[in-house]
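*Asks:* This is the structure, below, for whatever I ask next.
We did not get these values from a lab; they are worked out from the coordinates using the rules stated. Predicted model only: the values in this text are computed from it and were never measured. Because the Cβ atoms are built from the backbone with ideal geometry, glycine has one as well, and the counts that use them run over all protein chains shown.
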Amino acid sequence: MRFTYSAVYKLWATIMRSLDDTIAAVASPPGGAARGIVRVSGPDAFGSVARFFR
């Protein structure tokens with residue numbers, strides 16, 4: 001498989017743009033549990049989570 005410069009650049013630009021996003025994901029295994037874990041990452045991670053603990 002060969003990639004052209006423009007295809008590689010478009011992929012790189014998409015990846016770099018997504019590094020500025022704040023994301024959240026459930027990290028707990030499926031099923032019942034005593035606690036749930038949510039992973040949060042990104043530039044506004046602290047601000048996003050702080051709203052739930054006011």
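*Asks:* To the nearest 10 degrees, how steeply does helix 5-18 sit against the main Cα axis of the chain, on a 0 to 90 scale?
*Replies:* Taking the Cα atoms of the chain, the angle to 5-18 is about 20 degrees.
*Asks:* Could I ask something else about it? Beta carbons within 10 angstrom, averaged per residue: use that to sort the peptides 41-53, 23-35, highest first.
*Replies:* 41-53, 23-35
*Asks:* Moving to a separate point now. Quick check: pseudo-label points 7 Å beyond the Cα along Cα→Cβ at residue 25 and residue 48, how many nm apart are they?
*Replies:* Distance between label points: 1.2 nm.
*Asks:* Sticking with this structure for a sec: Mind checking the dipole of the chain: about its Cα centre, +1 per Lys or Arg Cβ, -1 per Asp or Glu Cβ, Debye to the nearest 20?
*Replies:* Working: 7 positive and 3 negative charges, 16 e Å.
About 80 debye.
*Asks:* Please give the contour-minus-distance gain from residue 40 to residue 7: 0.36 nm per residue of separation, less the Cα-Cα distance, rounded to one decimal in nm. The partial results should precede the final answer.
*Replies:* Numbers: separation 33, 0.36 × 33 = 11.88 nm, distance 3.03 nm.
Going from the current span to full extension adds 8.8 nm.
*Asks:* Specify which labelled value, from (i) 56; (ii) 89; (iii) 134, agrees with volume of the Cα convex hull per residue in Å³ derived from the coordinates of the model shown.
*Replies:* Step by step, volume of the Cα convex hull per residue in Å³ for this structure corresponds to label (ii).
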